[in-house]
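Here's the structure, in structure tokens; my notes come after.
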Amino acid sequence: MTTRTGNAPAVLGGEPIRAEDYPAWPIWDDRERSYLVDTLDAGGWWQGDGLRAATFAADFAAYHSARHGLALTNGTHTLEAALAACDVGEGDQVIVPGITFIASASAVLAVNATPVLVDIDPDTLCIDPAAVEAAITPATKAVIAVHVAGAAADLDALTALCSAHGLRLIEDCAHAHGTFWRGRGVGSWGDFGSFSMQRSKLMTAGEGGVLICNDDELRDRAWSYADCGRQAGEWFYHHPNYGSNLRMTEWQGAVLAAQLERFPEQNERRNTAAVALGAALDQIEGVRPQRRDERMDSQGNYCYVFHYDAAAFAGMPLRQFEAALGAEGIPMGVSYPSLNELAIFRNANFGPRLRASAPTIDYATVRLPVAEHAAASTVWLQHRLLLADVEDVLDVARAVERIQEHASEIVINVNNTGGTT
Ligand SMILES: Cc1ncc(COP(=O)(O)O)c(C=O)c1O
């Protein structure tokens, strides 16, 4: 529960709205411990003779409505394996949204194809299907749709568009464990769904990734790529294909099996909290929660995101607002920059990648106005706060209101003391 004394914002010396921190992340207990010890004692320490990682991936795939799940090293390699299985390579273009982690684009570079950066929907922050359609060329081979902060991209529009143009659809679900779209898990709608289990994610073993799909042949091709080019039914050293070693360890599988058992209850708790917080923030001028599409049954909130309009806060720059919110005890994240603003694209610094296919895109001239604006005007909060009691989660809205009430003082004070803007 909240303890509050006085009304001055913490950034001006008042007591923070939050006297206690929100729940820590990651969460684990004796289940992780016992599965790890079981794995140790069983001696099957790699996927070749262990069971944990493969079983976890199959269970996770079933939870997300898919037939197959591959347990891989991380959520960058899952994208790479998906692209390779879809035969994406030199000369091919892959359409990628502006707001995402670099892996959604660097995996395209890793298979020697060209990422084509497109703009996003201003409300959900996910790839804009109209922008995808406008970017299709004869070289387009695939679309990577990122479910940003767990909000599903418009899967109805994207599946229809990709099927009409003969394109592969890869769902980057690194933020979206537990997001369901019209009754089915995200990642099961496209050709592949790619999940990360890195430390900050909604289910984690520190590192890890799961690739889900429904098609048998695509599954076999992705697995071959991830298992050194081996092929099921062939001799161990036959290696008919190019591949690398992208296998998850059994230790990760043991931890993730326990994380999955705990996940549905956590997902429900986060959803209840996110809906309540959205309703509270909706009442405050100048902030607007990321849109929850009504076709989503649940959103796996990797972060809680809202739009911020400085005009309703005496012109307070975003970074100042974030600092003021952080001072109140709200666990802050930060938006990614739009991909076109990253140095690698600005400088075309691709190293040996794309040398042969010489990208025809001058990324320095690419503008993504919606994504660039979103990167500069959205607030990202860490998902761990959504596991608190709803009353505690509503402290976020109380903190925003308090900052708004004192916005002019904060702006003047920080400017006078040379604080960061
Ligand atoms: C949208 C997105 N895609 C891919 C990844 C890559 O996942 P990993 O860190 O497991 O390689 C991340 C990780 O943060 C991500 O946020």
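Worth pointing out:
- Residue pairs whose Cβ atoms lie under 7 Å apart, sitting 6 or more positions apart in sequence or on different chains, and linking a residue in the range 98-122 that is free of Cβ contacts under 8 Å to residues at least 60 places away in the same chain and part of a loop (DSSP other than H, G, I, E, B) to a partner that is within 15 Å of the ligand (Cβ to nearest atom) and not hydrophobic (A, V, I, L, M, F, W, C), are V111/E80.
- Single residue of the range 199-218 satisfying the filter (farther than 16 Å from H147 by Cβ and surrounded by fewer than 21 Cβ atoms within 10 Å (Cβ to Cβ)) that is nearest to the ligand (Cβ to nearest atom): E207
- The number of residues in the range 54-88 being part of a helix (DSSP H, G or I) and within 15 Å of the ligand (Cβ to nearest atom) comes to 9.
- Output for the range 219-238, where each listed residue is surrounded by fewer than 22 Cβ atoms within 10 Å (Cβ to Cβ) and either in a loop (DSSP other than H, G, I, E, B) or small (G, A, S) (or both): C228, G229, R230, Q231, A232, G233, E234, W235, F236, Y237, H238
- Of all the criteria given as (1) under 24 Å from the mean Cα position of the chain (by Cα); (2) modelled with pLDDT under 95; (3) not aromatic (F, W, Y), the one not satisfied by P26 is (2).
- Checked against the criteria, A145 counts as assigned to a strand (DSSP E or B) and touching a residue at least 40 places away in the same chain (Cβ under 8 Å).
- Unique residue being of a type in the set (F, W, Y), within 26 Å of the chain's Cα centre (by Cα) and closer than 27 Å to G13 by Cα when the list is F345, F321: F321
- Annotation: of all residues in the range 94-110 being modelled with pLDDT of 95 or more and more than 10 Å from the ligand (Cβ to nearest atom), the one that is farthest from E133 (Cα to Cα) is V108.
- Qualifying residue in the range 366-379 (condition: surrounded by fewer than 16 Cβ atoms within 10 Å (Cβ to Cβ) and part of a loop (DSSP other than H, G, I, E, B)): yes
The values are calculated or read from the model by the stated rules, or taken from the named source; none is laboratory data. Nothing here was measured: the structure is a model prediction, and the numbers come from that model. Every residue, glycine as well, gets a Cβ built from its backbone with ideal geometry; the counts of neighbours run over all protein chains shown.
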